[in-house]
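As structure tokens, the structure follows; a few thoughts come after it.
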Amino acid sequence: MSQPPARESLRLPGSVAEVDASPPGPGIGAFFDLDGTLVAGFTAAAHTRDRLRRREVGAGELLQIMQLAVEFGLGRREFENLIEAGARTAKGRLAEDVDEMGERVFQQSVADLIYPEMRELVRAHQRRGHTVVLSSSALTMQVAPVARYLGIEHVVCNRFVVDEQGILTGEIERPVVWGPTKATSVQKFAAEHDIDLRSSYFYADGDEDLALMHLVGNPRPVNPGPELSKVAARRGWPVLRFSSRDAGSPLAQVRALAGIGSLGPLAAGALGIGVLARNKRTGVNFLTRYWPETMLALSGVKLNVTGTPNLTARRPAVFLFNHRNNFDVFMVAALVRDNWTGVAKKELESNPLAGPLGKLLDAAFIDRADSASAVAGLAGVEEAARKGLSILIAPEGTRMDAQAVGPLEVGPFKKGAFRIAMATGLPIVPIVIRNSDSVAGRNTYRLVPGTVDIAVLPPIDVGDWTQEELPKLIEQVRTRYTETLADWPAARTPS
């Protein structure tokens, strides 16, 4: 695959490179809409689903909300009626309880819906010192957690009315932030913060945001609605379209079912091969060789790999990978292919899919809360390594939040993987995954089509490592990850 052009030549409107090359300073605003722009879908829907699961929605209220939504879709109701209906559901509750609920729903249902592409644009504006604002018609319980997560200081949104006791009245502050009033609210904010709207950016998807698009010098429609798309085409506004969080679409669901469903026939084939060969590992190798790559292919996920020869330069080996979501291990398994086992957290042992697969692979399930038990649990893995099996392990010990640690960072490394290498004499092979969050969020169980970049670094011999120097040596390995992420290898080969 040819090397992509340098970032400096990719200053297309709507790109991170464009923002990186823009004038710096707080006088430039970057206004981001929430639903459909920063987040795939509607945060209000996540809150409604949460209340339904908790049986906090009566039949009458549910019918009323559905009626309002239908009438809004048919153009018979103003959007503020929907906002007011949402506010009434919180009437009589403590404001702090509603804030806690918003944070919980965000962590459980919304965080993984944030577009990674939009997250990078937010970061780019923050690097330039621009005044970044989350401007939305949603309520504070939906908006505030997203703003905190992305490090956005300023918020323009609809807010609950709270009485002297800190209890919500069921009303929202006036004027309702929606359409033209959203534009005037942003104008007011810009005037108060000395922001030049002619040099500013606005990212949004809704037709109702046209008024604000006309206000700024850099309108950036994101996954735009039909009317916004027409105006953008007529005026030459650059349109940004993302599908990296479209796991809920019918096609994505079909892909997910096909990927998981491929396990059945491949497992049956593996069983037959193992019986014929009278060797369990032969059957297991058939499964590990073909299922991960089949699942990724059916899900539309491609791997761009550099350093492929390092995968086989020294086998067996301890393959280390940075861990961002539930599918990183499948990507690494698709590269290592056969004669491997792994280490996983104890909680996965009871998972209906991961548990049986782990046991089939003779994986070790480690209780991270019990250090003594964890060390003892690695004994079986060390024995498997001595018998010729490679080890797949995430040295961070858990899925790291890309926003929390940053796209070019990795979390602290635990010692277990390195102790296995030292005890068995196996080399360490670092596998650096750059952008797996583009195909799956941290906690999601569905993949979306996309390309993930992976760099396999040269094997590291641990023959002369000592326990005294272990912390320093571990940090040196971790530094290789951060340096690789910061300065990605140019040459790539598709896998």
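The values are calculated or read from the model by the stated rules, or taken from the named source; none is laboratory data. Predicted model, so just to flag it, every value in this text is computed and none were measured. Here the Cβ positions follow ideal geometry from the backbone for every residue, glycine too, while neighbour counts run over all protein chains shown. We work out accessible area using only protein heavy atoms, side chains counted, and drop any ligands, DNA or RNA first. Shrake-Rupley method; radii C 1.70, N 1.55, O 1.52, S 1.80 Å.
Structural remarks
- Inter-part distance where the range 266-286 and the range 134-175 are each reduced to a Cα centre, Å: 57 Å
- Relative to the longest principal axis of the Cα atoms of the chain, the long axis of helix 280-298 lies at roughly 20 degrees.
- Between Glu192 and Ala379, the simple spin-label model (points 7 angstrom out along Cα→Cβ) gives 6.5 nm.
- In the context of the full set of protein chains, the chain has a per residue accessible area of 46 Å² (1.4 Å probe).
- Of the Cα atoms belonging to the range 153-234, the radius of gyration and Dmax stand at 15.1, 52 Å.
- Relative pair counts by distance (%), Cα atoms of the range 199-345, 5 Å bins: 2, 8, 13, 13, 12, 11, 9, 8, 7, 6, 6, 4, 2, 1, 0
- Modelled this way, with points 7 Å down the Cα-to-C-beta line, the labels at Lys346 and Thr466 are 3.4 nm from one another.
- Projection of the Cα convex hull of the range 91-154, averaged over all directions and equal to a quarter of that hull's surface, yields 4.7 nm².
- Trp465 exposes around 30 Å² of accessible area when a 1.4 Å probe is run over every protein chain in place.
- Coordinate range along principal axes, alpha carbons of the range 174-213, Å, largest first: 26, 23, 11
- Averaging the sequence gap over all C-alpha pairs within less than 8 Å and six or more residues apart, then dividing by the number of residues, gives the chain a relative contact order of 15 percent.
- Helix 180-192 axis, angle to the chain major axis (alpha carbon atoms, nearest 10°): 80 degrees
- Among beta bridges identified by DSSP and lying wholly in the chain, the antiparallel ones come to about 20 percent.
- Shown is the FRET efficiency for Lys91 and Ala211, computed with R0 = 35 Å from the Cβ-Cβ distance and rounded to the nearest 0.05: 0.70.
- Compactness of the chain as Cα Rg over 2.2 N^0.38 Å, two decimals: 1.09
- The angle separating the long axis of helix 116-127 from the principal Cα axis of greatest extent in the chain is about 70 degrees.
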